[in-house]
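Worksheet for the structure shown next.
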Amino acid sequence: MSELITLTLAEARDGLKAKKFSARELAQAHVDAVEKARALNAYVLETPDHALKQASRSDERLARGEGGPLEGLPLGIKDLFATEGVRTTACSNILRDFIPPYESTVSSQLWRDGAVMLGKLNNDEFAMGSSNETSAFGPVASPWRRPGANTYVENGKIVGEPLVPGGSSGGSAAAVAAHLCLAATATDTGGSIRQPAAFTGTVGIKPTYGRCSRWGVVAFASSLDQAGPIGKTVRDAAIMLRSMAGHDPKDTTSADLPVPDYEAAVGRPVKGMRIGIPKEYRLDGLNPEIDALWEKGVAWLKDAGAEIVEISLPHTKYALPAYYIVAPAECSSNLARYDGVRYGLRVPGKDIVDMYEKTRAAGFGREVKRRVMIGAYVLSAGYYDAYYLRAQKVRTLIKRDFETVFDQGVHAILTPATPSASFGIGEKLKADPVEMYLNDVFTVTVNMAGLPGVAVPAGLDAQGLPLGLQLIGRPFDEETLFSLGAVIERSAGRFPVADRWWEG
Amino acid sequence: MSVDAATVKRVAHLARIAVSDEDVPKLQSELNAILAFVEQLSEVNVDGVEPMTSVLPMAMKKRQDVVTDGEIVEKIIANAPASQDNYFLVPKVIE
């Protein structure tokens, strides 16, 4: 039944309703695919028994003509979402054995709507990274290969030059692209949904800050973190987001607004919409392929009747440096809880401070330590005003840039999703950390301003690797992004991975 | 601004992360690369700009001051590295 795994989420949903196959068959096909794809390292925990049990219950509900919007649909869950009774690690050694006694609000809503959990997906440690190489479980390999590069699987291990799937939601993006789940949950603090989606030819949306509850999601930078889905198509992402979104009294920053039927926005006409093209995103030395793709995106939206206007977002270049003050500051505060006392790893010490220091030295990886230390530094006495306060003021200016163009009647903004296609595992690790940070240059502004952003696959580069375009919307107007994203998808076509080389 | 080796050690202690002497030079150069990168912000004119406190205007929700949860001590200590009689165990902190 391997063809079941190549269905989209929407097709699988419709097939289940039409009784073309059972939820149990659909789950089994995915369980088998996950098992055969271990070389990719997309899953850090497989839960096949759990999945099959949930699928059987879905079959019962479907037989009675009941069932929620996601009834019987197998999903992967980023290992940043707490799942009750199922190990949740944030892919950090400090949480290696953590079994949450509670369920995150977002995942609980998926189960409420009938979804099936296949397992927990790999990510950069505490979601800090852009390549999934900082995970304590090791890197994820993208299901994409450079054509001509001799990359294959031997004895369950990848040989050759595997590529990164992006990060931090690298497991989510790789699993969706490799047909190891119909869709996945992900989180985005600076680009962690949109960049991996762009690298793998999948669709990823970071909704408006406050759209999805952060309760039960391992915290990185609380004023920037937002959950969202990665799916095979724009429609699939829309279906997922409707279930994930919604007000939660347990998260005071979650927005008390009705959740629209996002799927209904897919295919809605975009005629007359004003699309802004920010001139500041035309970076010096921008890859000509990325520029050409951007031009294509402009032409597609124009053909669909949208009006294209040049806009200016003058503080764009300061978003990434401001992010690398705000995010580490919040991370150093959030990660203070990992002290070896209430949960997680403990390394004994001669006194309590020694225990804290040894625990955190052993439990955190290099990137996490760097960010916690930068955060501690920029918040420390004498530096707070120069760094943190200044960065928060710059953030106000970044947000004002967007408000100005939206006030001028711009409905959405079109930009590239990433400055390049995927790169090889290990290729960027030798450089200084800033080199890796530049991956998020087009996505991070959106988090700084709390806006929704979607990455939609738009083409392949000269090496044959996927590239994406990003659409940025007004606050809480994800619907417009789904309508515009669908135009790009219809124009560019889809980019499914055809060759399952990782099955060996 | 850049940090020297002594500052790296001080920040590591503030962050409660044990750092060995051999590790200091590498961390120092990485932290300085990041600090050099964020230095660009000093060219932005932020006179009269309010620092951001909330990314979207949102009224803080209030709720009744009543107990809505609790009596879950087993769940709370279930992941503790060391516990006894429903308490977390830590090394002695008061002589």
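Applying the set (1) within 13 Å of chain B (Cβ to nearest Cβ); (2) of a type in the set (Val, Ile, Thr); (3) within 26 Å of A:Lys271 (Cβ to Cβ); (4) free of Cβ contacts under 8 Å to residues at least 24 places away in the same chain to A:Thr396 leaves exactly one unmet item: (3).
Let's see how each residue does on (1) within 18 Å of the chain's Cα centre (by Cα); (2) aliphatic (A, V, I, L, M); (3) under 28 Å from A:Phe495 (Cβ atoms); (4) in a loop (DSSP other than H, G, I, E, B):
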{"residue": "A:Ser420", "(1), (2), (3), (4)": "yes, no, yes, yes"}
{"residue": "A:Glu427", "(1), (2), (3), (4)": "no, no, yes, yes"}
{"residue": "A:Val454", "(1), (2), (3), (4)": "yes, yes, yes, no"}
{"residue": "A:Gly459", "(1), (2), (3), (4)": "no, no, yes, no"}
{"residue": "A:Leu467", "(1), (2), (3), (4)": "yes, yes, yes, no"}
{"residue": "A:Ile472", "(1), (2), (3), (4)": "yes, yes, yes, no"}
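Just one residue in the set A:Glu479, A:Glu489, A:Glu435 is without any contact (Cβ under 8 Å) to a residue 12 or more places away in the chain and either surrounded by 18 or more Cβ atoms within 10 Å (Cβ to Cβ) or part of a helix (DSSP H, G or I) (or both); that residue is A:Glu435.
Per the conditions (1) within 29 Å of A:Leu95 (Cβ to Cβ); (2) facing another protein chain (nearest Cβ under 8 Å); (3) of a type in the set (D, E, K, R), the sole criterion not satisfied by B:Arg63 is (1).
Residue-by-condition table, conditions (1) among the acidic types (Asp, Glu); (2) within 24 Å of A:Ala381 (Cβ to Cβ); (3) surrounded by fewer than 11 Cβ atoms within 10 Å (Cβ to Cβ); (4) within 8 Å of chain A (Cβ to nearest Cβ):
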{"position": "B:Arg16", "(1), (2), (3), (4)": "no, yes, no, yes"}
{"position": "B:Asp21", "(1), (2), (3), (4)": "yes, no, yes, no"}
{"position": "B:Leu35", "(1), (2), (3), (4)": "no, yes, no, yes"}
{"position": "B:Ala59", "(1), (2), (3), (4)": "no, no, yes, no"}
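In this structure, A:Gly365 qualifies as of a type outside the set (A, V, I, L, M), in contact with a helix residue (DSSP H, G or I) (Cβ under 7 Å, 6 or more places away or on another chain) and more than 7 Å from every other protein chain (Cβ to nearest Cβ). Given A:Glu3, A:Glu35, A:Glu84, A:Glu11, which one is out of contact with any helix residue (DSSP H, G or I) (no Cβ under 7 Å at 6 or more places or on another chain) and at pLDDT below 95? Just a single option satisfies the conditions, and that option is A:Glu3. Scanning the stretch A:226-281 for residues that are among the aliphatic types (A, V, I, L, M), under 24 Å from B:Ser54 (Cα atoms) and outside any helix (DSSP H, G or I) gives A:Ala227, A:Ala245, A:Ala255, A:Leu257, A:Val259. The condition of being among the polar types (S, T, N, Q), over 30 Å from A:Leu257 (Cβ atoms) and touching a residue at least 24 places away in the same chain (Cβ under 8 Å) does not hold for B:Gln40.
Residues are listed down the side, and each one gets a yes or a no for (1) modelled with pLDDT under 95; (2) more than 26 Å from A:His315 (Cβ to Cβ); (3) in contact with a Gly (Cβ under 6 Å, 6 or more places away or on another chain):
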{"site": "A:Pro433", "(1), (2), (3)": "yes, no, no"}
{"site": "A:Tyr437", "(1), (2), (3)": "yes, no, no"}
{"site": "A:Asp440", "(1), (2), (3)": "yes, no, yes"}
{"site": "A:Thr445", "(1), (2), (3)": "no, no, no"}
{"site": "A:Met448", "(1), (2), (3)": "no, no, no"}
{"site": "A:Pro452", "(1), (2), (3)": "no, no, yes"}
{"site": "A:Gln463", "(1), (2), (3)": "yes, yes, no"}
{"site": "A:Arg474", "(1), (2), (3)": "no, no, no"}
{"site": "A:Thr480", "(1), (2), (3)": "no, no, yes"}
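Given the condition surrounded by 10 or more Cβ atoms within 10 Å (Cβ to Cβ), facing another protein chain (nearest Cβ under 7 Å) and out of contact with any Phe, Trp or Tyr (no Cβ under 9 Å at 6 or more places or on another chain), answer yes or no: does some residue in the stretch B:41-48 qualify? The answer is yes; a qualifying residue exists.
As a summary of the residue check, A:Gly340 satisfies the conditions (1) more than 27 Å from B:Asn86 (Cα to Cα); (2) at the interface with chain B (Cβ under 7 Å from one of its Cβ atoms); (3) of a type in the set (Gly, Ala, Ser) except for the one numbered (1). Determine the pairs where a residue that is closer than 16 Å to A:Val456 by Cβ, located within the stretch A:285-301, has a partner that is part of a helix (DSSP H, G or I) with Cβ atoms under 7 Å apart, the partner being 6 or more residues away or on another chain. From the stretch A:285-301, the pairs are A:Gly297/A:Ile488; A:Trp300/A:Val487; A:Trp300/A:Ile488; A:Trp300/A:Ser491; A:Leu301/A:Leu484; A:Leu301/A:Val487. Among the residues of the stretch A:370-393, write down those that are more than 16 Å from B:Leu41 (Cβ to Cβ) and facing chain B (nearest Cβ under 7 Å). Across the stretch A:370-393, the qualifying residues are A:Arg370, A:Val372, A:Met373, A:Ala376, A:Ser380. Which members of the stretch A:139-157 meet the condition of being out of contact with any strand residue (DSSP E or B) (no Cβ under 9 Å at 6 or more places or on another chain) and either over 18 Å from A:Thr200 (Cα atoms) or surrounded by fewer than 18 Cβ atoms within 10 Å (Cβ to Cβ) (or both)? Hits for the stretch A:139-157 are A:Pro147, A:Gly148, A:Glu154, A:Asn155, A:Gly156, A:Lys157.
Kindly indicate whether B:Ala5 is within 9 Å of another protein chain (Cβ to nearest Cβ) and either touching a residue at least 12 places away in the same chain (Cβ under 8 Å) or surrounded by 15 or more Cβ atoms within 10 Å (Cβ to Cβ) (or both). Judged against the criteria, B:Ala5 is not a match. Restricting the stretch A:343-353 to residues that are touching a helix residue (DSSP H, G or I) at 6+ places or on another chain (Cβ under 9 Å) and among the aliphatic types (A, V, I, L, M) leaves a set whose member that is farthest from the other protein chains (Cβ to nearest Cβ) is A:Val347. Condition check for B:Ser54 on (1) surrounded by 17 or more Cβ atoms within 10 Å (Cβ to Cβ); (2) more than 7 Å from every other protein chain (Cβ to nearest Cβ); (3) under 30 Å from A:Pro452 (Cα atoms): one failure, at (1).
Pairs linking a residue in the stretch A:252-265 that is over 14 Å from A:Thr208 (Cβ atoms) to a residue that is exposed (fewer than 13 other Cβ atoms within 10 Å of the Cβ), with Cβ atoms under 7 Å and 6 or more positions apart or on different chains, are A:Thr252/B:Met60; A:Thr252/B:Lys61.
Looking only at the stretch A:370-405, residues that are buried (at least 24 other Cβ atoms within 10 Å of the Cβ) and among the basic types (Lys, Arg) come to 2 in all. Could you please find all residues in the stretch A:350-369 being of a type outside the set (D, E, K, R), free of Cβ contacts under 8 Å to residues at least 40 places away in the same chain and surrounded by fewer than 20 Cβ atoms within 10 Å (Cβ to Cβ)? Listed by number, the residues that qualify are A:Ile352, A:Val353, A:Ala361.
Against the numbered list (1) farther than 19 Å from A:Ile193 by Cβ; (2) modelled with pLDDT of 95 or more, A:Val140 comes up short only at (1).
The values are calculated or read from the model by the stated rules, or taken from the named source; none is laboratory data. On a predicted model such as this, the values are computed, not experimentally measured, just so you know. Because the Cβ atoms are built from the backbone with ideal geometry, glycine has one as well, and the counts that use them run over all protein chains shown.
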